[in-house]
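The values are calculated or read from the model by the stated rules, or taken from the named source; none is laboratory data. As the structure is a prediction and not an experimental result, all values here were calculated from the model. Because the Cβ atoms are built from the backbone with ideal geometry, glycine has one as well, and the counts that use them run over all protein chains shown. Quick note on the areas: whole protein, heavy atoms, side chains included, nothing else; ligands and nucleic acids left out. Shrake-Rupley method; radii C 1.70, N 1.55, O 1.52, S 1.80 Å.
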Amino acid sequence: MSIFVDPKLGLIPSPFHASLAEQNRAHSWYDWAGYAAPSVLDSMEFEYFALRNQSSLFDISPMHKYRIAGPDAAQMLNRLVTRDIRKIKTGRVGYAVWCDEEGMVIDDGTLFHLGDDDWRLCCQEPMLTWLLDAAWGFDVVVKDETHDVAGLSLQGPTSFAVLEAAGLDVAHLKPFDLVKIEPDLMISRTGFTGDLGYELWCAWDKAEALWDRIWQAGTHQGLRAIGYDALNIARIEAGFLTAGVDFQPVHATERLHRGQTPFELGLGWLVDFEKGHFNGRRALLSKQHAQRSLLLRCDVEGFKPAQGALIYNGRKREVGHITSGIWSPTAKKNVALAHVRMPDAQRASRLMAEIYTLEEGKWDTRMARLTPVQGAFFAPPRARATPPART
Amino acid sequence: MSNFDAIVVGGGINGLVAGAVLGRKGKKVCIIERADRFGGMASYAVDGGPSLAHALYNLSPRALKDAGIDVDRATFTGQQIDTVSLADDGNHIVFKANGVYWNDGSQHPQSKAWCELIQRFKTYGGLLRQLAEAPPPGGHSASLSRARLAEMLRLAKVGIGLKMLGKSEMRRFLQVVLSNVYDIVLDDLPDGPVAGMLAADAIRGAATGPRSPGTVFNLIYRLGHGGTITQPTGGMTAVVDTLVDGAKAADCTLLPGTEVSRILVDLDAVTGVQTADGQTLRAPLVLSNLASPLTSQLTGPSLFDIEATRRIRNIRARGTAAKVNLRLKDASPLPGLKSEQKDARLIYAPSADYVEAAFNPAKYREMSKAPVIEALRTEQPDGSHWVSAIVQYAPSDLDGGWTQEAQDRLAQITVDTLDCALPGLREQITDTQVITPDQIATATGAPGGHWHHAEMSLDQLLTLRPANGISRYAFGPKGLFLCGAATHPGGDVMGLAGRNAALMALEVQK
Ligand SMILES: Cc1cc2nc3c(=O)[nH]c(=O)nc-3n(C[C@H](O)[C@H](O)[C@H](O)COP(=O)(O)OP(=O)(O)OC[C@H]3O[C@@H](n4cnc5c(N)ncnc54)[C@H](O)[C@@H]3O)c2cc1C
């Protein structure tokens, strides 16, 4: 996306910056929506295995957060997103996508139904102007809470035990439940890892105290702070899409036809044509059976990560590319998310990825067979058990 | 609950025509009008004074024909009138069909140049009329450029007309149509009342000055039906009555004095309307004579895409024309005018520069201290005599609002201006009425009280009228159409917008 940011301004510290900086032995920061965010704190492998075997803390404060409140909030949101949000009850969180008038995905995110006529939308892309436009004519107030609400993602099999040790009882929380557990703290059973996990939300100025409280509670549970690199592996294993990587948020594209419909992203299940009008509905009705490409989840032959590989049908015809590709340490296989144009995506028996490798100064390519699969690459039952296990 | 094939919301000129066209195609139509009488902006009047619109120059024979109304009715043919440009020194000049003359009957030195210019504009106007009589071609376009216009003319099959123009004249047309009236007119004429009259006609009802781009288009638009100006027999009320008769003859049900409070939609298709007095009327087709912001409000914002709503909100419609009606004490002629000029259209616009200067205050939300005026002398059915004046610029968003004091000031300025050129007029006035754009907006729903419901500027014309994506009358949910002045080709007492919308609705329904 071409938002110009004056480099002289530097990056903003997140509300957890002090704690993160203390642990950031790798001194590896990247720019996440203007914030200094860690990509690795000491070793990506350690962080990843903490996430899958113990528990991990990841700062999600840079996410964009918008409060949408007022008598027409549900109506306004139902016109915004493609799914029927009337089915998201108070105290629940729902995953949603929203489209432009052409039916191209603008972004995806999570909708927190906080109370009567009171919602929060959490997403990757800046969305305030769009939401203000979407709110016109409705009795709602849209407030950008990005810099008011701090978020901490606690993920991994011991995350429930960590919270318990911190004096926070969330045994009753089912996946996608949320609870205002203390006056200054909201916990939702959500995450971007496909594992057991929680997201903790508090006011910006309460962030450090929250960090310390969780950190102390985690000493016996193998809790580790992690950076984005470890999280990225987990989210690919879970089969989740990242904006700007696995799809191009259409407002951020400058070239024509870079946008994608929910159907092309395998998110057709989020589109409810029966609920009444929503943005892009008329366009999507005509486009739903006319996908130009499909996002596939694939097993990749061999063990070389396929990131960035071009995809061929047979040996010659280029039909797509890999958007995210990793060796999955937990699934013990080579996996990838891929865009494959139609109709090749539906006749995928001969799909091959041309993977580029660099070994000690030598570039090489190898062809690896792709096998499309349904669903996530890793979906442990512990992620859904309620009450959750302590280990 | 009643069932219809189509409901027309609003019984302005365009709503009446749309209803009649649909009725004549066998549809069972209901036309619902909030006011007690039909005609909308055209017939709006207060306390027995003259209506807002007072002259016919753009009434579309095509629209009348499709509405089943006899084009040659006396109401329309009425009385053709000349234009008199008023001068403070009493040396008025007269524009007739065949030339420009001094008050004493001798020919004005710019007569030939004026005739040539008008002739050229009329030819162009004929081309534009062909565009106006068809819905704008489909497809998307981001802007109106010369190339785009040429393309559109080709698509609209005005090709024959264009060929007759010849290649160099065609190039000239495309050059001229998008430019400003000041430059084009002063290319051929020195500045003065002849240029001033053209400049005044080019900006009437618009939030532009003669130097604003696209103003030539407005002038040509006025000449699209030949440029003849008539004062309808029986006034604008008679015109509206004729249209109402046409709608009745087409078996339309007419519901005056009834406000539509909601346009009903089920899933994504129109099902009818609800009225403020609690009736539900069903129809799978609803044509709205209102501008798009009001129509979308009546339907509910949920039914429109966010981008469409944004475009609708940003449509420019800032009314600048106020009506100032001066009641005269009796039938005696206006001072300073010859007897054959007594019914003429009076213009106060001594030069193009004057018109431009009048526009300046409007940029800063102020009224002109030296306004541009078009005035007609009219007699009302009750026998009262009036000067019916359209006064510019009186911006709808006047700084401080249109208080009584501001209205009095506008009346004062109008009388002062006219009295300069027609000394003694002041003594004949017994009463004044001021109808400001914000009053027009309240009374009729026209955004900003704008003459055309939406500024006729290059970014809001043809495929961009009233906004990109809604130029072919269909608006949001299935079965909903816009049919008012904000749609192509625009307003005036013309009827083409309503007629085009009705035909388009019929075609889409097929
Ligand atoms: C000061 C002034 C002078 C003018 N003079 C001339 C002139 O001399 N000659 C000329 O050709 N043109 C003139 N015009 C322009 C012309 O009057 C308009 O362009 C034309 O009348 C617009 O017609 P319409 O049918 O599109 O819209 P409108 O006339 O605006 O019709 C809309 C109708 O909808 C009705 N309505 C609104 N809300 C509701 C509701 N909720 N339910 C039901 N009904 C509703 C309104 O009452 C109205 O009748 C003048 C305009 C102005 C402002």
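Summary table
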| quantity | calculated |
| --- | --- |
| Loop GluC sites (Glu not before Pro), the stretch B:336-443, which have at most 14 other Cβ atoms in a 10 Å radius of their Cβ (DSSP) | none |
| Accessible surface, per residue, of the stretch B:36-103 when the full set of protein chains is kept, probe 1.4 Å, Å² | 42 Å² |
| Within the stretch B:236-319, trypsin sites (Lys or Arg not before Pro) in DSSP loop having at most 16 other beta-carbon neighbours inside 10 Å | B:Arg316 |
| Calculated from backbone phi, Karplus (6.51, -1.76, 1.60) coupling profile of the stretch B:457-465 in Hz, x at Gly/Pro | 10, 4, 7, 9, 10, 6, 5, 9, 9 |
| Kirkwood hydrodynamic radius of the stretch B:80-119, Cα pairs, Å | 10.3 Å |
| Expected-Rg normalisation [2.2 N^0.38 Å, Cα atoms] applied to the stretch A:1-145 | 1.23 |
| Surface accessible to a 1.4 Å probe, per residue, for the residues of the stretch B:321-444, Å² | 38 Å² |
| Built amide H within the under 5 Å cut-off of B:Arg377, gap 5+ | B:Ser388 |
| Three-way shape call for the stretch A:64-144 based on the alpha-carbon gyration tensor, with the a/c threshold at 1.5 | rounded |
| For chain A: relative contact order, % (alpha-carbon pairs under 8 angstrom, 6 or more apart) | 18 percent |
| With DNA, RNA and ligands ignored, accessible area of A:Phe16 (1.4 Å probe; Å², nearest 10) | 0 Å² |
| Fraction in percent of alpha-carbon pairs per bin - 5 Å, the stretch B:321-444 | 2, 11, 21, 24, 19, 13, 7, 2, 0 |
| Summed buried accessible area for B+A [probe radius 1.4 Å, Å², rounded to 100] | 1800 Å² |
| Residues losing 50 Å² or more accessible surface upon assembly, the stretch A:133-154, compared with the chain by itself, 1.4 Å | A:Asp133, A:Trp136 |
| Ordering of B:321-333, A:100-112 by packing [mean C-beta count within 10 Å, highest first] | A:100-112, B:321-333 |
| Mean Cβ neighbour count within 10 Å, used as a protection proxy, ranking B:175-186, A:127-138 highest first | B:175-186, A:127-138 |
| Karplus (6.51, -1.76, 1.60) ³J(HN,Hα), θ = phi - 60°, over the stretch B:498-510, in Hz, Gly and Pro reported as x | x, 5, 4, 4, 4, 5, 5, 4, 5, 5, 5, 6, 4 |
| Prolate/oblate/rounded call for the stretch A:1-54, Cα gyration tensor, a/c under 1.5 rounded | prolate |
| 3J(HN,Hα) from dihedral phi, the stretch A:32-40, Karplus parametrisation 6.51/-1.76/1.60, rounded to Hz, x for glycine, proline | 10, 6, x, 9, 7, 10, x, 8, 9 |
| The stretch A:292-378, relative contact order in percent, only Cα pairs under 8 angstrom and at least six apart counted | 36 percent |
| Shape of the stretch A:292-378, Cα gyration tensor, a/c cut at 1.5 | oblate |
| Minimum 10 Å² accessible area buried by the other protein chains, the stretch B:253-272 residues, probe 1.4 Å, relative to alone | B:Leu267, B:Asp268 |
| CD proxy at 222 nm, helix term only [per DSSP H run n ≥ 4: -39500 (n - 2.57); per residue of the protein assembly as shown; nearest 500] | -8500 deg cm²/dmol |
| Binned Cα-Cα distance frequencies in chain A - 20 Å width, integer % | 27, 59, 14, 0 |
| Listing of the stretch B:301-337 residues, each with accessible area lower by at least 40 Å² in the full protein assembly than in the chain alone (probe 1.4 Å) | B:Pro301, B:Ser302, B:Asp305, B:Ile306, B:Glu307, B:Arg310, B:Arg313 |
| Pairs from B:Lys122/B:Lys363; B:Lys96/B:Lys167; A:Lys8/A:Lys362; A:Lys87/A:Lys174; B:Lys27/B:Lys478; A:Lys65/A:Lys287 whose Cα-Cα separation, in the structure shown, is over 26 Å | B:Lys122/B:Lys363; B:Lys96/B:Lys167; A:Lys8/A:Lys362; A:Lys65/A:Lys287 |
| Accessible-area composition of chain B, carbon plus sulfur, in percent [1.4 Å probe] | 50 percent |
| Angle in degrees between helix B:167-177 and the longest Cα principal axis of chain B, rounded to the nearest 10 | 90 degrees |
| Translational diffusion coefficient (Stokes-Einstein; Kirkwood radius from C-alpha pairs) of the protein assembly as shown at 10 °C, 1.306 mPa s, in µm²/s | 50 µm²/s |
| Compactness of chain B, expressed as Rg and Dmax over alpha-carbon positions, Å | 21.9, 69 |
| The stretch A:225-266: trypsin sites (Lys or Arg not before Pro) in DSSP coil with no more than 13 other Cβ atoms inside 10 Å | A:Arg255, A:Arg258 |
| Probe 1.4 Å, accessible area per residue of chain A, Å² | 43 Å² |
| Of all accessible heavy-atom area on chain A, the percent that carbon and sulfur account for (1.4 Å) | 54 percent |
